[in-house]
1. Is segment 52-68 home to any residue that is touching a strand residue (DSSP E or B) at 6+ places or on another chain (Cβ under 7 Å) and at positive phi?
2. Report yes if residue 60 is within 14 Å of residue 19 (Cβ to Cβ), touching a helix residue (DSSP H, G or I) at 6+ places or on another chain (Cβ under 8 Å), in contact (Cβ under 8 Å) with a residue 40 or more places away in the chain and not in a strand (DSSP E or B), otherwise no.
3. Would you confirm whether or not segment 72-87 contains a residue that is in a helix (DSSP H, G or I), exposed (fewer than 14 other Cβ atoms within 10 Å of the Cβ) and either more than 10 Å from the chain's Cα centre (by Cα) or in contact (Cβ under 8 Å) with a residue 24 or more places away in the chain (or both)?
4. Among the strands (runs of 3 or more DSSP E) confined wholly to segment 10-50, which include 2 or more residues that are touching a helix residue (DSSP H, G or I) at 6+ places or on another chain (Cβ under 8 Å) and closer than 21 Å to residue 67 by Cα?
5. All but one of (1) in contact with a helix residue (DSSP H, G or I) (Cβ under 7 Å, 6 or more places away or on another chain); (2) surrounded by 17 or more Cβ atoms within 10 Å (Cβ to Cβ) hold for residue 65, so report the exception by its number.
C-alpha cells in the first residue's frame with residue numbers, strides 16, 4: 001500500500017509535484033510544462049530531509065547519499081511536515 005502526497009495546485013495547477021511512498025523507497029515526481037522527472041530513492045539511501053517553510057507553502061529537500069539533493073516545492077506546511085516524518089521514520093527502521 002502506498003501513500004501519495006501532491007503539491008498545492010495553486011502554484012502549478014496542471015503539473016503538481018508528487019511524492020509516493022512505497023515499500024522499499026520513495027518516488028519523487030517533479031513536473032515541468034513539457035516533461036517530468038521521476039526519482040526513486042531507497043529509504044536506506046536517504047541521509048536527511050529538510051523542510052523550508054514560507055508564509056504559505058513549504059519546500060522539501062531530500063538528501064540522498066551519493067546523489068544530488070532532490071528539491072520539491074509548493075507543499076502545504078502540514079503535508080511537508082508529514083512527508084518529513086514518514087521519510088525519517090522509514091529511514092530509521
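1. No, that holds for no residue.
2. So residue 60 fails the test.
3. Checked segment 72-87: at least one residue is in a helix (DSSP H, G or I), exposed (fewer than 14 other Cβ atoms within 10 Å of the Cβ) and either more than 10 Å from the chain's Cα centre (by Cα) or in contact (Cβ under 8 Å) with a residue 24 or more places away in the chain (or both).
4. So the answer is 18-21, 25-31.
5. Answer for residue 65: the failing condition is (2).
No value in this document is a laboratory result; all are computed from the given coordinates. Note that the structure is a prediction, hence the values are computed from the model and not measured. Reconstructed Cβ throughout: ideal geometry from the backbone, glycine too, with neighbour counts over all protein chains shown.
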